[in-house]
Amino acid sequence: MRWGRVAVVVGKEARELWRDRITVAVCLLMPLVMLFLFGYAINLDVEAVPLAVVDQDRTPQSRALIGRFVQSDYFRYARDLSSVREAEAALLRSRAKVALVIPRGFQKDLVKGMDPGVQVLVDGTYSATALLVAAYANAIVVRFPTPEIERVRAEYRIWYNPAMRSMNYVVPGLYGVILMAFPPLLTALAIVREKESGSIQQIFASPLTSREFVAGKLIPYAMVAYLQILMVIALGYFWFAVPFRGEPWLLMASSAVYVMTTVGIGLLVSAVTRTQLAAMLLALIVTLMPSFLFSGFLFPIFTMPLALQLYSKLFPAGPFMEISRGVVLKGADLESLWPNLLLLVLYTLVVFIIAAARLKKKVA
Amino acid sequence: MLLNAEKVGRSFGETRALEDVSFQLDNGQMLAVVGPDGAGKTTLMLMLTAILDPTAGRCTVFGFDSVKQSAEITDRIGYMSQNFSLYDRLTVEENLAFSAGVRGIKGAEYQARRAQLLEMAGLSAFADRYAGKLSGGMRKKLSLCTNLIHQPELLVLDEPGLGVDPLSRRELWQILAEFQRQGTAMVIATSYMDEAENCGHVLMLDQGKIVAEGSPIDLKKQCADKVFELSSAQPGSLYSTLSSDPAVNYLQWLPTRLRFQVDALERLAAATQEQCRLQGELTAVEPTLEDVFVHFTGADQGNQMVPSPAPARLLEIGKPVISTHGLTARFGGFTAVDTVSLNLHAGEIIALVGPNGAGKTTLIRLLCGLLAPAAGELEVAAVDVRRKPQAIRSYVGYMSQSFSLYSDLSAAENMAFFAGAYRLGGKKKAASITAVSRMTGIDGIDQHQRAGSLSGAIRQRLALACAILHEPKVLFLDEPTSGVDPLSRYHFWQLIQLLASRGVAVLVTTHYLSEAAYCDRIGLMDRGRLLACGTLQTLCQEARLAEGTSLEDVFIHYVSRAAAEREQAT
């Protein structure tokens, strides 16, 4: 590989890219748009869930329990009902997401020291929120003062994200998703465009090797992608107020490697396709979709079946998200993150080598 | 030996693009590869360039095997592909610098070659212009420069003259000649026979096989005494006699004479010989390479596609069908068509020639009513177009440069669509489709084949068929013969003459100056102005050039005269 020739290709690519003002503008704007949309839209926090109450006891104690629910901020008092049947109807019509049923004799049982039961009916159509709602309700009920009985109580401490703000883990995850969405899309067109216009024949019939050509294409696009990630990280810190507990240099360095990986995937797509349309579709399928599903961005990998866990290892968004969440939220250092970083370096090398090998200097 | 092809073949799936091609090339030689569309020229060029592997035989360049040592070959050659291969967002200078950088040419060496090449190509003044903003001719010249920057020992060119105006083409060939003098060997694929004449060696390809090979002189010798011209007062009856004689090949009706090939005069039917003797003057003429090509390929191509011959054409100069006065079109500050005054009569064929950007296409768009003129008068069939632009639509037929067919529709579907667009319906539609397909000779093809997969020559005829379904009085053809092989081009001209004989006025633009011979008058256009319009004879007389001066020289004379006048004016 002669670096002089790579530099020539870099210069040419950078000029062409820079003069394509519309593309440059789209490149820099789209990540911001996606960050804002997803940063605000993906909210898994449970707040003000409409609560229906069936209080058959109507005593000071039952009112105190209802008060605990309403004061918690997690629940909003929606309506007072007189029977379980009415509660069912309210859940069915989505007038309430939770129903609390306090049976007759609740206070009497409490005073006697017997364990009174209450019933919590949860709308389980959104299973993720249903679990949270059930857990919150349980926490309130369990802590309801029962002075006569001593119980074993667990003390919860949520680490790394004590407020359990979903923005705090969605935004650092988005760093990985955004970088997987836009740079490969842009880069996927880089080689295929020359195939369509026919200028690639000129490249084939020249001393440039496939590796030099691919490397020359990779560098300018990686620089644009790096600019994108810097913007996105800055916005995450200053606008979304995501904490930054770890070393900034570690995230910057890992981002540099990750950018090479994602741009490399774009080039690989470009090397194996023939038309710009096919390149774009393939890029979407191999980058955007798995970066949502198989990166742990929203759906934790460790809950997946083993086969899918292995499959998810094929995509580099996961390791990067480990790093970005690790650095941003946990303040993790290189010592604990190096396996992920090493994985990214390996991905980049493999993708680059395959792309250069797939781009044979032959027209057919 | 610089290049050696041994029984080279290439298949793409079932299709055999090239078969059993063997030839050699020595240092400094110039070889032309000629043949119609789809003959395998581009495939051969790609294999010589080592960017396509042969599926049979082998090919060595500089002694390196094109499959195993392709990098050694691509290090040393220049290859100019058929399509434009420049980067539109880079300037002339940057395109050249990229090509030099890739080949490790830098510093003073680059500066010297850059200056020399830009000078030769006449591009020095445009070094900072984006390649995307150059004219077609300039782009071709720049492409050539980017492939000469490293002074390759071998230059492979695929259709360098395609779609390039005569002036740029001449400059292109001057550059090639200069580099050949310096010892660069060249292989040039071309469908222009006059380009092949410039080369020391010619290889004729047809359907992937070599049909003839040799120097232009040797090749022409093989056709000596086989090409004849016949001048006569009654060309019409002679034409019908000759065209029905099976021994006659490649019969052409030129404005002043008939031209044809026959293996030997004795092979003509006795009656034909008799009639030729009585009604005309028969002379054997020097064959051209085009004659040679037709001689070797015409037989296999068969005459089944040949449309019925044009009947005698008597030009009556009456009231013009189209008449313009001071017609002008402007785009912003740019004057694309500058005060053009032209009359076109029924049954007349006028050729418009001129470089890219001369305003030919814009003029045609004005005449069709597709573009509103900025100034001047335009009457089509005595209707003032400026007042009623819609009224002329049914009078005119227009075939645009790139044959505006729907490539995903079949031939029949294309015709049905265009018939509908001209509001033909029912029986009239069916009748005109049948009549037009028979006339253009496309009734023989599979009507269900998609237009995109038809050969260039057939697509051209289909496009013509679509343009004349509504029986227009005036027909505009914008570069109808670009990229089509000589025989098909000739058949196409027969069709145009047939239409003219039925009273259709035809205006054609072309890059092939030789085709002007089929036309009654020739209009020379440059920079939006119609410099002159007349027969070749009157054009020569007006410019005080010797009679028999080639149209190319006449054209260049007029263009340089106009340039000189402009310079004087400023």
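Figures for the structure shown
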| quantity | calculated |
| --- | --- |
| Residue match in region B:524-547 (condition: touching a Leu at 6+ places or on another chain (Cβ under 8 Å), part of a helix (DSSP H, G or I) and of a type in the set (Asp, Glu)) | no |
| Residue match in region A:218-225 (condition: on the phi < 0 side of the Ramachandran plot and within 19 Å of the chain's Cα centre (by Cα)) | yes |
| Of residues in region B:1-54 being small (Gly, Ala, Ser) and in a strand (DSSP E or B), the one surrounded by the most Cβ atoms within 10 Å (Cβ to Cβ) | B:ALA32 |
| Total residues in region B:522-547, condition out of contact with any helix residue (DSSP H, G or I) (no Cβ under 8 Å at 6 or more places or on another chain) and either aromatic (Phe, Trp, Tyr) or surrounded by fewer than 22 Cβ atoms within 10 Å (Cβ to Cβ) (or both) | 7 |
| Matching residues in region B:418-438 - criterion: being touching a residue at least 40 places away in the same chain (Cβ under 8 Å) and of a type in the set (A, V, I, L, M, F, W, C) | B:PHE418, B:ALA419, B:LEU424 |
| Qualifying residue in region A:163-172 (condition: part of a helix (DSSP H, G or I) and either out of contact with any Phe, Trp or Tyr (no Cβ under 9 Å at 6 or more places or on another chain) or within 14 Å of chain B (Cβ to nearest Cβ) (or both)) | yes |
| Failed item, numbered, when B:PRO486 is tested on (1) farther than 22 Å from B:VAL436 by Cβ; (2) modelled with pLDDT of 80 or more; (3) not small (Gly, Ala, Ser) | (2) |
| Among (1) in contact with a His (Cβ under 8 Å, 6 or more places away or on another chain); (2) within 12 Å of chain A (Cβ to nearest Cβ) - the single one B:LEU96 does not satisfy | (1) |
| A:GLN201 being buried (at least 21 other Cβ atoms within 10 Å of the Cβ), out of contact with any His (no Cβ under 7 Å at 6 or more places or on another chain), polar (S, T, N, Q) and within 14 Å of chain B (Cβ to nearest Cβ) | yes |
| Unmet requirement for A:SER206, which otherwise passes all of (1) within 29 Å of A:PRO248 (Cβ to Cβ); (2) within 12 Å of chain B (Cβ to nearest Cβ); (3) of a type outside the set (Asp, Glu) | (1) |
| Any hit, region B:55-64, residues being part of a helix (DSSP H, G or I), under 28 Å from B:VAL484 (Cα atoms) and either modelled with pLDDT of 95 or more or not aromatic (Phe, Trp, Tyr) (or both) | no |
| Members of region A:204-214 that are crowded, with 22+ Cβ neighbours inside 10 Å and either assigned to a helix (DSSP H, G or I) or not assigned by TED's automatic domain parsing to the domain that holds A:SER255 (or both) | A:PHE204, A:GLU212, A:PHE213, A:VAL214 |
| Residue satisfying all of: in region A:1-29; among the charged types (D, E, K, R) and not in a helix (DSSP H, G or I); farthest from the other protein chains (Cβ to nearest Cβ) among these | A:ARG2 |
| Only one of B:ALA505, B:ALA517 that is under 20 Å from B:HIS345 (Cβ atoms), in contact (Cβ under 8 Å) with a residue 12 or more places away in the chain, buried (at least 22 other Cβ atoms within 10 Å of the Cβ) and not hydroxyl-bearing (Ser, Thr, Tyr) | B:ALA505 |
| Residue identified as farther than 19 Å from A:PHE352 by Cα and either polar (S, T, N, Q) or touching a helix residue (DSSP H, G or I) at 6+ places or on another chain (Cβ under 8 Å) (or both) among A:THR275, A:THR287, A:THR261 | A:THR275 |
| Qualifying residue in region A:30-45 (condition: without any contact (Cβ under 8 Å) to a residue 24 or more places away in the chain, within 14 Å of chain B (Cβ to nearest Cβ), hydrophobic (A, V, I, L, M, F, W, C) and out of contact with any strand residue (DSSP E or B) (no Cβ under 7 Å at 6 or more places or on another chain)) | no |
| Helices (runs of 4 or more DSSP H) completely within region A:299-364 that count 2 or more residues being away from chain B (no Cβ under 14 Å) and under 20 Å from A:VAL214 (Cα atoms) | A:334-358 |
| Subset of region B:362-392 that is assigned to a loop (DSSP other than H, G, I, E, B) and crowded, with 19+ Cβ neighbours inside 10 Å - its residue that is modelled with the highest pLDDT | B:PRO373 |
| Index of the failed condition, A:ALA130 passing every other in (1) crowded, with 19+ Cβ neighbours inside 10 Å; (2) within 20 Å of A:ASP73 (Cα to Cα); (3) touching a Gly at 6+ places or on another chain (Cβ under 8 Å) | (1) |
| Candidates B:SER407, B:SER402 - the one that is without any contact (Cβ under 8 Å) to a residue 24 or more places away in the chain and closer than 30 Å to B:VAL164 by Cβ | B:SER402 |
| B:LEU409 surrounded by 14 or more Cβ atoms within 10 Å (Cβ to Cβ) and within 30 Å of B:HIS448 (Cβ to Cβ) | yes |
| Pairs where the first residue, in region B:134-148, is hydroxyl-bearing (Ser, Thr, Tyr) and the second is assigned to a helix (DSSP H, G or I), C-beta under 8 Å, 6+ apart | B:SER135/B:SER168; B:THR146/A:GLN202; B:THR146/B:ASN95; B:THR146/B:LEU96; B:THR146/B:PHE98; B:THR146/B:SER99 |
| Some residue of region B:64-86 being over 19 Å from B:ALA50 (Cβ atoms), of a type in the set (Ser, Thr, Tyr) and within 7 Å of chain A (Cβ to nearest Cβ) | no |
| Qualifying residue in region B:498-515 (condition: over 21 Å from B:LEU344 (Cβ atoms), touching a helix residue (DSSP H, G or I) at 6+ places or on another chain (Cβ under 8 Å) and not hydrophobic (A, V, I, L, M, F, W, C)) | yes |
| Residue within region B:452-460 that is more than 25 Å from the chain's Cα centre (by Cα) and farther than 19 Å from B:GLY397 by Cα present | no |
| Elements of type strands (runs of 3 or more DSSP E) contained in region B:197-239, each with 1 or more residues being farther than 30 Å from B:SER501 by Cα | B:201-206, B:209-214 |
| Extreme residue, nearest to the other protein chains (Cβ to nearest Cβ), among residues of region B:42-59 that are over 11 Å from B:VAL156 (Cα atoms) and touching a Leu at 6+ places or on another chain (Cβ under 7 Å) | B:LEU52 |
| Pairs where the first residue, in region B:360-388, is within 21 Å of B:LEU524 (Cβ to Cβ) and the second is polar (S, T, N, Q), C-beta under 6 Å, 6+ apart | B:LYS360/B:THR509; B:GLY376/B:THR328; B:LEU378/B:THR324 |
| Hits in region B:99-118 - residues which are within 11 Å of another protein chain (Cβ to nearest Cβ) and not hydrophobic (A, V, I, L, M, F, W, C) | B:SER99, B:GLY101, B:ARG103, B:GLY104, B:LYS106 |
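The values are calculated or read from the model by the stated rules, or taken from the named source; none is laboratory data. Treat the numbers as computed from the prediction; the structure is a model and nothing was measured. Methodologically, a virtual Cβ is constructed for each residue, glycine included, from the backbone with ideal geometry; neighbour enumeration extends over all protein chains shown.
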